[in-house]
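K.L.:
Encoded as structure tokens, here's the structure I'll be asking about.
We did not get these values from a lab; they are worked out from the coordinates using the rules stated. All values derive from a computational prediction rather than experimental measurement. Cβ sites come from the backbone with ideal geometry, for glycine too, and all protein chains shown count toward neighbours.
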Amino acid sequence: MKYLKTEGLVIRSRSYSEADKLLTLFTLERGKVPAIAKGACKAKSKLGASVQMFTRGEFFLYMGRTLATVTQSEIKNSFHSLQYDLVKYAYGQYFCELVGRLMEENEPNREVYELLLAAFEFLSKEIDADILARSFELKLLRILGYMPHLDGCLACSGLNSSYRLSYKEGGILCQSCSIRDPGAFKISLGTLSLLKKLLYADFTRLKVLKVELSQKREIKAINKKFFNHNLGLGTCKSMTFLEELKN
């Protein structure tokens, strides 16, 4: 197929020359697609606005062997407000970096697409971006098949008042079963409850969550270790920038 019309999100956009932009699109039909928008940097370009970060659009692509060329585009939602809030822009970049690094080219995934789109929509509203990010991370782990087991001991299915969290085993263990992983650490019932809410609750319900700063830091560390253990993610440049920005 030489030509493709597809809905997509711009998850990476950078100048390639004085006139052109290199893009990464996350599309419904093809998943991640590297592309070039020729002339997009020119002041009068018809493509300029539609190849900005976070844009949701209809893209007409000429599919080359290694790189698609954007021939036409139509904006569906620009999420314009994110361009003018540096912190929210950084969170948006983080969501894009996660998807860009964890998804392969030409592997469409509607669930990931809809999750990323919803994250942009809620990030552009009044919401605790930290909580949104933690929920996004857990939901992405679930879609990719690495959802941590949080409902009762994963070894014996027992319901207890005390658990340990194991990255090696992929979830919580009761005190008796924690012998399976000496590295498992104690997790409070409050933190466990919050993890489950962030994993299962729709983004619309995040506004009512009241989370202490210490819990935010704890959940962030837990999620990071799950990503590193299961997917070897390592350091995200956008998260490093975000942390510097907030400090």
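K.L.:
Between Ser162 and His229, what's the calculated FRET efficiency when r is the beta-carbon distance and R0 is 30 Å? Round to 0.05.
P.N.:
0.85
K.L.:
Now, a different point. For Gly31, list long-range residues whose amide hydrogen, built 1.01 Å from N in the peptide plane, is under 5 Å from its own amide hydrogen.
P.N.:
Asn109
K.L.:
Quick one: what do you get for segment 125-189 if you divide its Cα Rg by 2.2 N^0.38 Å?
P.N.:
1.28
K.L.:
Put a dot 7 Å past each Cα toward the Cβ at Glu111 and Lys237; how far apart are the dots in nm?
P.N.:
Going by the 7 Å Cα→Cβ label model, 3.0 nm.
K.L.:
Suppose we keep just the alpha-carbon trace of the chain; what are its Rg and Dmax in angstrom?
P.N.:
Over the chain's Cα set, Rg and Dmax evaluate to 20.1, 68 Å.
K.L.:
Report the relative contact order of segment 107-247, percent, no decimals, based on alpha-carbon pairs under 8 angstrom and at least 6 residues apart.
P.N.:
22
K.L.:
Another question, then. List the lysines whose Cα lies under 25 Å from the Cα of Lys76, skipping any in the same chain that are fewer than 8 positions away.
P.N.:
Lys76 reaches Lys2, Lys5, Lys21, Lys32, Lys38, Lys42, Lys44, Lys46, Lys88, Lys125, Lys139.
K.L.:
Quick check: the angle from helix 213-231's long axis to the longest principal axis of the chain, C-alpha only, nearest 10 degrees?
P.N.:
70
K.L.:
Give the relative contact order (percent, whole number) for the chain; include only Cα pairs under 8 Å separated by 6+ residues.
P.N.:
Reported relative contact order: 15 percent.
K.L.:
Scan segment 52-149 for trypsin sites (Lys or Arg not before Pro) in coil per DSSP, keeping those whose Cβ has at most 12 other Cβ atoms within 10 Å, and list them by number.
P.N.:
Passing sites in segment 52-149 are Arg65, Lys125.
K.L.:
Then there's this: For segment 58-181, count all C-alpha to C-alpha pairs, find those more than 21 Å apart, and express that count as a whole percent of the total.
P.N.:
On the way: 4386 of 7626 pairs.
The calculated P(r) of segment 58-181 puts 58 percent of pairs beyond 21 Å.
K.L.:
Less than 14 Å Cβ to Cβ from Cys41, Lys/Arg counted +1 and Asp/Glu -1: what total charge do the surrounding residues give?
P.N.:
Here the count lands on +4.
K.L.:
Expressed as an acute angle from 0 to 90° and rounded to the nearest 10, what is the orientation of the C-alpha long axis of helix 237-246 relative to the principal long axis of the chain?
P.N.:
Helix 237-246 and the main axis of the chain meet at about 80 degrees.
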